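The values are calculated or read from the model by the stated rules, or taken from the named source; none is laboratory data. Worth saying up front: this structure is predicted, and the values here are computed from it rather than measured. Quick reminder, even Gly has a Cβ in these numbers, built from the backbone with ideal geometry, and neighbours come from all protein chains shown.
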Amino acid sequence: MAVKKGLGKGLDALLDELEVEEGNRNNIEQVSLYDIDTNPDQPRKSFDTDKLNELAASVKRHGIVQPLIVKRNGLRYTIIAGERRFRAARIAGLDTVPVIVSNLDENAIMEVALIENIQRENLNPIEEAAAIRFLMEQHDLTQEEVSERIGKSRPAIANALRLLSLEKPVLELIKTGKLSAGHGKMLAGIENKKQQKELAEKAAEKEWSVRRLEDELRFASWEKKPKKRQEHSPEMRAALREMRNRLGTKVAVEGTEQKGKLIISYYNKEDLETIYRCIVGDET
């Protein structure tokens with residue numbers, strides 16, 4: 001498999017290249033926090049406040065141990081890797097942070113940012129899946145190629161991407177931790193979106209384990225496919241039309257001409273009285 005120059009080697013190799021191209025770590029700069037902007041393409045959309053505060057406490061004691069990777073943008077800098085450290089530094093009250101200024105092109109910058117988040121950050125399963133999909137689309141990668149870049153198995157990549165097919169309310173339950181990626185994998189197999197949402201909400205409310213959800217799917221009716229519409233003979237269709245005309249309501253048949261059930265619908269009291277009179281007559 002052909003590998004693009006500077007890419008496909010994993011995050012550590014990419015970051016090593018950044019340090020080499022800037023003259024090793026001797027060229028680390030101290031930059032004001034007020035001159036640094038976050039990356040709008042950052043895959044992480046939410047940051048755990050407690051964990052950020054823990055990191056901020058560590059930063060206050062020991063400083064920023066690992067420099068941020070940034071891209072120069074005029075007189076300002078945009079973060080490529082290290083947004084959590086940047087946020088923690090602000091909480092800790094630091095004025096400046098150590099940075100390495102990168103000369104990588106935009107595609108390489110995006111890959112570093114995505115891989116850092118996938119490998120090093122505690123993304124929720126939906127953020128991780130979205131980052132993987134973006135990485136694949138941005139660089140025209142297969143699941144196998146992405147697997148090599150981020151150090152996850154190809155089945156793990158496939159399962160992560162399946163989560164993105166879930167309904168929005170189900171995605172929110174996974175984002176907020178009320179359901180796990182394992183729950184999402186099970187729910188993604190439900191084609192009926194309404195049933196998928198209802199079962200997800202039930203699983204979250206009752207705090208089902210993945211195994212419990214799997215049992216529900218195996219033994220309950222959630223996974224049953226809709227019955228194939230039955231074709232009736234011309235005689236049966238004619239009989240149904242006649243009954244509908246006589247009764248003035250919906251009439252359906254489940255089964256065959258030899259065995260089945262007749263379903264007559266009514267929508268108010270008058271409908272029911274009409275059906276009654278047609279079946280038993282006017283005698284009371």
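What's the number of the condition Glu191 fails, among (1) over 15 Å from Pro125 (Cα atoms); (2) modelled with pLDDT of 85 or more; (3) surrounded by fewer than 19 Cβ atoms within 10 Å (Cβ to Cβ)?
(2)
Tell me the residue from Glu137, Glu127 that is of a type in the set (Asp, Glu) and touching a residue at least 60 places away in the same chain (Cβ under 8 Å), please.
Glu127
Considering only the range 118-147, state which residues are at pLDDT 65 or above and over 19 Å from Arg162 (Cα atoms).
Correct list: His139 only.
Could you go through the range 152-168 and let me know if any residue there is within 15 Å of the chain's Cα centre (by Cα), in a loop (DSSP other than H, G, I, E, B) and surrounded by fewer than 18 Cβ atoms within 10 Å (Cβ to Cβ).
Yes; the residues of the range 152-168 include at least one that is within 15 Å of the chain's Cα centre (by Cα), in a loop (DSSP other than H, G, I, E, B) and surrounded by fewer than 18 Cβ atoms within 10 Å (Cβ to Cβ).
I'm checking my understanding of the structure. Among residues of the range 242-276 that are among the charged types (D, E, K, R), surrounded by 12 or more Cβ atoms within 10 Å (Cβ to Cβ) and at pLDDT 75 or above, which one is farthest from Glu231 (Cα to Cα)?
Arg246
Residues checked against (1) more than 27 Å from Gly177 (Cβ to Cβ); (2) surrounded by 15 or more Cβ atoms within 10 Å (Cβ to Cβ); (3) at pLDDT 85 or above:
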position: Asp95; (1), (2), (3): yes, no, yes
position: Pro98; (1), (2), (3): yes, yes, yes
position: Val112; (1), (2), (3): yes, yes, no
position: Glu116; (1), (2), (3): no, yes, no
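What strands (runs of 3 or more DSSP E) lie completely within the range 33-103 and have 1 or more residues being closer than 28 Å to Glu172 by Cβ?
Filter on the range 33-103 gives 76-81.
Which count do you get for residues in the range 194-203 that are touching a helix residue (DSSP H, G or I) at 6+ places or on another chain (Cβ under 8 Å) and surrounded by fewer than 18 Cβ atoms within 10 Å (Cβ to Cβ)?
1
Check Arg25, Arg72 and return the single one that is out of contact with any Lys or Arg (no Cβ under 8 Å at 6 or more places or on another chain) and at pLDDT below 85.
Arg25
Being modelled with pLDDT of 85 or more and over 16 Å from Val59 (Cβ atoms) is the filter; apply it to the range 75-93 and report the residue that is surrounded by the most Cβ atoms within 10 Å (Cβ to Cβ).
Among them, the one singled out is Tyr77.
Just the residues that are polar (S, T, N, Q) and more than 25 Å from Leu52 (Cα to Cα), please, taken from the range 120-177.
Passing the criteria: Gln138, Thr142, Gln143, Ser147, Ser153, Asn159, Ser165.
Is it true that Trp222 is more than 29 Å from Leu135 (Cβ to Cβ), at pLDDT 85 or above and not in a helix (DSSP H, G or I)?
no
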